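Here's the structure we're looking at; comments come further down.
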Amino acid sequence: MKNTFGSSVSITVFGESHGAAVGAVLDGIAPGITVDEAFLRSQLDLRRPVGDISTPRHEPDEFVIESGVFNGKTTGTPICVLIPNVNTKSKDYSLMRSVARPGHADYSAYCKYHGFEDYRGGGHFSGRITAAVVAAGAIAVSALRNKGIFIGTHIASVADVKDRGFKDIDADIRALAKKQFAVLDDSLAEDMKDRIRAARSDGDSVGG
């Protein structure tokens, strides 16, 4: 039943979509690492839903670092990042209690927690939880960058539209880090978005 992942460095994710807040505890981070709150904010901004291909829910994602950071540096103790929920409309999900949505974790959550789970908005299995993961990840990414280690991911495909592969890895990773819609070939972005819109108009999806 645990929601803790990792050994040397671990992350514990907590909260529900329509609860008071979501958050993460990052443990095992060495002391003395700079925590750049502006960078953390920029990463949350990139995660935030935008336009008609995303969820209509909008949250300010104002975060509070509750522990583990002092004078802008990690202390070596567990880092707790808390992100309050503001825009919740729980009544929108009243009919979902007895209907498991395709492509969601409703049924898995029911099996795991035997009906005691908070089902509103997907509860602990909502995409909202990724805000906490991104916040904790931003701290880890900063630590890795200080060691000259950079990580880049892109949208490999949407429906039948496939992005190109990595070429100049360093340049590609740096470019992706600034993109709201993370494709390597920007000319494909609108085609991908059109596939998402078309699926949505049919009451369907092309993954998430």
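The table below lists the values:
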quantity	calculated
G122 vs. criteria at pLDDT below 90 and open to solvent by less than 40 Å² (accessible area, probe 1.4 Å)	yes
Condition met for G127 (within 26 Å of R200 (Cα to Cα) and out of contact with any strand residue (DSSP E or B) (no Cβ under 7 Å at 6 or more places or on another chain))	yes
Every pair of residues 6+ apart whose Cβ atoms lie under 7 Å, when the first sits in region 167-181 and is on the phi < 0 side of the Ramachandran plot while the second is at pLDDT 95 or above and open to solvent by 40 Å² or more (accessible area, probe 1.4 Å)	D172/F166; L176/H154
Scope region 159-175; condition aliphatic (A, V, I, L, M), under 21 Å from P49 (Cβ atoms) and at pLDDT 95 or above; matching residues	V161
Tally of residues being over 28 Å from S205 (Cα atoms) and charged (D, E, K, R) across region 130-171	5
Residues (over 23 Å from the mean Cα position of the chain (by Cα), open to solvent by 80 Å² or more (accessible area, probe 1.4 Å) and of a type outside the set (G, A, S)) located in region 167-196	K167, D168, I169, D170
Odd one out for V86, checked against (1) within 22 Å of T153 (Cβ to Cβ); (2) loosely packed, with under 15 Cβ neighbours inside 10 Å; (3) among the aliphatic types (A, V, I, L, M)	(1)
When residues of region 119-172 are limited to those that are basic (K, R) and out of contact with any Phe, Trp or Tyr (no Cβ under 8 Å at 6 or more places or on another chain), the one nearest to E16 (Cα to Cα)	R128
Among (1) open to solvent by 40 Å² or more (accessible area, probe 1.4 Å); (2) out of contact with any helix residue (DSSP H, G or I) (no Cβ under 9 Å at 6 or more places or on another chain); (3) at pLDDT 95 or above, the one test that S201 misses	(3)
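The values are calculated or read from the model by the stated rules, or taken from the named source; none is laboratory data. The structure presented is a predicted model; accordingly, all values stated were derived computationally and were not measured. Virtual Cβ from ideal backbone geometry, glycine too; neighbours counted across all protein chains shown. Surface accessibility is based on the protein's heavy atoms, side chains included, excluding ligands, DNA and RNA. Shrake-Rupley method; radii C 1.70, N 1.55, O 1.52, S 1.80 Å.
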